[in-house]
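Inspection log for the structure reproduced underneath, given as structure tokens.
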Amino acid sequence: MCDTGYTPRDLVADLRDLKARGVPEGEMLEEVSGLVKRLVMMKHNWLRPSMQVPSGDITQASIYQLHEEPDHSLTVNVVTWMAGRENRPHNHETWAVIGGLVGWETQHRWKRVGEDTVERILTEKIDPKTVVTLDSQAIHSVHNDSGELSVTLHVYGMNPEFTDRRRFDPAA
């Protein structure tokens, strides 16, 4: 079967439908993962060069917002990381689905070992063949150790800027 097109607009319509049906988080992650895979496969139709430009601040990722509901839910972003950039372990306090678009980066998963301390439990590569899911309690960090630009698609149940997310320190 040939997929003639799936767009960010189609993704948003499907996300709204899932939200309206009150789909539980586990099922939401599974459903959205399939939708993100479909959108990543169609990136040649919607991913623009302007979405792949690093920000002027080399310590930060560039975020190109494709969609956010007025209540800050169902946020869809393209995130661009320069080579060598990384962030500290953190949670989002919302579910997330991340799909690789261009290049690759390394994601680390963490578990709590103290109030603000975590230890690494898993490392995985996010590339254009990969979609990862994070439940609302997951702790992760990302490191673009590829030596080149990495670009990913992020879908959140709620914009993390509007949650009580936390940052953690790795155990010594």
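At-a-glance table
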| quantity | calculated |
| --- | --- |
| For Gly114: the one exception among (1) more than 21 Å from Met158 (Cβ to Cβ); (2) modelled with pLDDT of 95 or more; (3) not polar (S, T, N, Q) | (2) |
| Listing of strands (runs of 3 or more DSSP E) fully contained in the range 126-170 that carry 3 or more residues being at pLDDT 95 or above and within 22 Å of His72 (Cα to Cα) | 131-134, 150-158 |
| Selection from the range 19-34 of residues that are within 16 Å of His67 (Cβ to Cβ) and without any contact (Cβ under 8 Å) to a residue 40 or more places away in the chain | Ala20 |
| Verdict on Thr123 being among the hydroxyl-bearing types (Ser, Thr, Tyr), under 27 Å from Pro24 (Cα atoms) and either crowded, with 20+ Cβ neighbours inside 10 Å or touching a helix residue (DSSP H, G or I) at 6+ places or on another chain (Cβ under 9 Å) (or both) | no |
| Neighbours by Cβ (under 9 Å, 6+ apart or cross-chain): first from the range 86-97, without any contact (Cβ under 8 Å) to a residue 60 or more places away in the chain; second among the aliphatic types (A, V, I, L, M) | Glu86/Val142; Asn87/Ala61; Asn87/Val142 |
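The values are calculated or read from the model by the stated rules, or taken from the named source; none is laboratory data. None of the values given here were measured: they were computed from a predicted structure. Cβ atoms come from the backbone with ideal geometry, glycine included; neighbour counts cover every protein chain shown.
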